[in-house]
Amino acid sequence: MARFTDRVAIVTGAGSGLGRATASRLAEDEAIVAVLDLNESAAADAAKDIEAAGGTARAYAVDVSDWASVEPAVAKVANDLGRPEVLVNCAGVGKFAHTEEETPESWNRIIGVNLTGTFLMCRGVLGHMLGGGGAIVNVASNAGLMGQPYSAAYCASKGGVVNLTRALGVEYRARGVRVNAVAPGGMNTDMISTWGFPERAKPKEFAGITSPIGYAEPEEIAGLISFVASDEGRYMIGQIVSMDGGITCG
Ligand SMILES: NC(=O)c1ccc[n+]([C@@H]2O[C@H](COP(=O)([O-])OP(=O)(O)OC[C@H]3O[C@@H](n4cnc5c(N)ncnc54)[C@H](O)[C@@H]3O)[C@@H](O)[C@H]2O)c1
């Protein structure tokens, strides 16, 4: 679909999983894609794949949790590729922990990447979007809409992304920048395969946070992100759109 012809789209966390699938999907939809990731070689690899498939992409290294990294990265994208009109905040980290054992360092990292990182990237692109228009899609999670055991930092970070999205939706809705979030459930990516099961945890505690129909493929969620970011989603503002195999429906 030609949803984004000649528009510059920034995707963070685009070296892996959902970010990578989203970068590919937006390129198929004719965006010029800036592939941003902490992992520089993964970003380069993703951009190479997109180009090999006939799309347009360039890789950039960024640590979304650090303004000193975000500000120059966004400026470089704008200088190289043009004004960003789409931002998808996919970069994210998480792990299970018993909260009484969770370290402050781990808490700070999860909040720093998932929540502060989303804020910093939004702040970085807003100056480019105001005046010309734009769309931001943040990646929340079912964990931002419900309690999930052994995931205090992750739930807090994604709950923060949910209300950050609503706050920005209200603040910018009359100024040409739409801000929304998608909230996936479990997806088949590196993140889920590396979380592991917390020691001493009871499997039945996880029954409510996994869909009976299994995991989504990241490409399925990427299709939703493409729609929300496109002009077809024009009237969608400040929304949290769930795609989670029914985890949060009842
Ligand atoms: N996998 C799931 O089940 C699931 C479910 C709901 C929501 N999510 C969310 O989807 C998003 C993508 O997750 P995924 O499953 O594709 O994970 P992933 O681990 O496959 O990819 C995450 C990417 O983010 C990058 N990243 C990490 N820290 C970064 C930083 N400081 N700066 C820039 N990039 C950084 C990593 O290098 C990696 O390439 C995350 O926000 C995650 O919380 C995932």
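Does V35 fit the bill of being without any contact (Cβ under 8 Å) to a residue 60 or more places away in the chain and either assigned to a strand (DSSP E or B) or in contact with a strand residue (DSSP E or B) (Cβ under 6 Å, 6 or more places away or on another chain) (or both)? Please lay out each step first, then the result.
On the way: without any contact (Cβ under 8 Å) to a residue 60 or more places away in the chain: yes; either assigned to a strand (DSSP E or B) or in contact with a strand residue (DSSP E or B) (Cβ under 6 Å, 6 or more places away or on another chain) (or both): yes.
Here the answer is yes, as V35 does meet what is asked.
Inspect all residues belonging to segment 107-117 and state whether any of them is outside any strand (DSSP E or B), hydroxyl-bearing (S, T, Y) and open to solvent by 50 Å² or more (accessible area, probe 1.4 Å). Explain how you work it out, then say what you get.
First pass over segment 107-117, keeping only residues outside any strand (DSSP E or B): 107-117.
This time we only want the ones that are hydroxyl-bearing (S, T, Y), so: 116.
Retained after the next criterion (residues that are open to solvent by 50 Å² or more (accessible area, probe 1.4 Å)): 116.
Looking for residues that are outside any strand (DSSP E or B), hydroxyl-bearing (S, T, Y) and open to solvent by 50 Å² or more (accessible area, probe 1.4 Å), one finds at least one in segment 107-117, hence yes.
Report the residue count in segment 165-190 for those that are outside any strand (DSSP E or B) and open to solvent by less than 30 Å² (accessible area, probe 1.4 Å).
Number of matching residues: 7.
Between A57, A73, which is among the hydrophobic types (A, V, I, L, M, F, W, C), in a helix (DSSP H, G or I), under 25 Å from S24 (Cβ atoms) and over 16 Å from the mean Cα position of the chain (by Cα)?
Details: A57 fails: in a helix (DSSP H, G or I).
Selected residue: A73, the only one of A57, A73 that is among the hydrophobic types (A, V, I, L, M, F, W, C), in a helix (DSSP H, G or I), under 25 Å from S24 (Cβ atoms) and over 16 Å from the mean Cα position of the chain (by Cα).
Considering each residue of segment 125-147, count those that are farther than 16 Å from L115 by Cβ, touching a residue at least 40 places away in the same chain (Cβ under 8 Å) and either part of a loop (DSSP other than H, G, I, E, B) or among the charged types (D, E, K, R) (or both), and give that number.
Number of matching residues: 5.
Given the residues I213, I237, I247, which is the only one that is aliphatic (A, V, I, L, M) and surrounded by fewer than 14 Cβ atoms within 10 Å (Cβ to Cβ)? Before you say what the answer is, go through the steps one by one.
Working: I237 fails: surrounded by fewer than 14 Cβ atoms within 10 Å (Cβ to Cβ); I247 fails: surrounded by fewer than 14 Cβ atoms within 10 Å (Cβ to Cβ).
The match here is I213.
Residues are listed down the side, and each one gets a yes or a no for (1) of a type in the set (A, V, I, L, M); (2) at pLDDT below 90; (3) more than 10 Å from the ligand (Cβ to nearest atom):
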| residue | (1), (2), (3) |
| --- | --- |
| I192 | yes, yes, no |
| G196 | no, yes, yes |
| P203 | no, yes, yes |
| F206 | no, yes, yes |
| G223 | no, no, yes |
| F227 | no, no, yes |
| E232 | no, no, yes |
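Being open to solvent by 10 Å² or more (accessible area, probe 1.4 Å) and either of a type in the set (S, T, N, Q) or within 15 Å of the ligand (Cβ to nearest atom) (or both) is the filter here; which residues of segment 124-136 pass it?
G124
Take the residues in segment 51-96 that are hydroxyl-bearing (S, T, Y), in contact (Cβ under 8 Å) with a residue 24 or more places away in the chain and open to solvent by less than 50 Å² (accessible area, probe 1.4 Å), then tell me which one is farthest from the ligand (Cβ to nearest atom).
Among those residues, the one meeting the criterion is Y60.
Residue under question is V139, and the condition is that it be modelled with pLDDT of 95 or more, more than 22 Å from P104 (Cβ to Cβ) and more than 11 Å from the ligand (Cβ to nearest atom); does it hold? I'd like the intermediate steps shown before the answer.
On the way: modelled with pLDDT of 95 or more: yes; more than 22 Å from P104 (Cβ to Cβ): yes; more than 11 Å from the ligand (Cβ to nearest atom): no.
Against the criterion (modelled with pLDDT of 95 or more, more than 22 Å from P104 (Cβ to Cβ) and more than 11 Å from the ligand (Cβ to nearest atom)), V139 does not qualify.
The values are calculated or read from the model by the stated rules, or taken from the named source; none is laboratory data. Just so you know, these numbers come straight off a predicted model, no measurement behind them. No Cβ is skipped: glycine too gets one built from the backbone with ideal geometry, and neighbour counts run over all protein chains shown. Accessible surface is based on the protein model in full, side chains and every heavy atom, while ligands, DNA and RNA are left aside. Shrake-Rupley method; radii C 1.70, N 1.55, O 1.52, S 1.80 Å.
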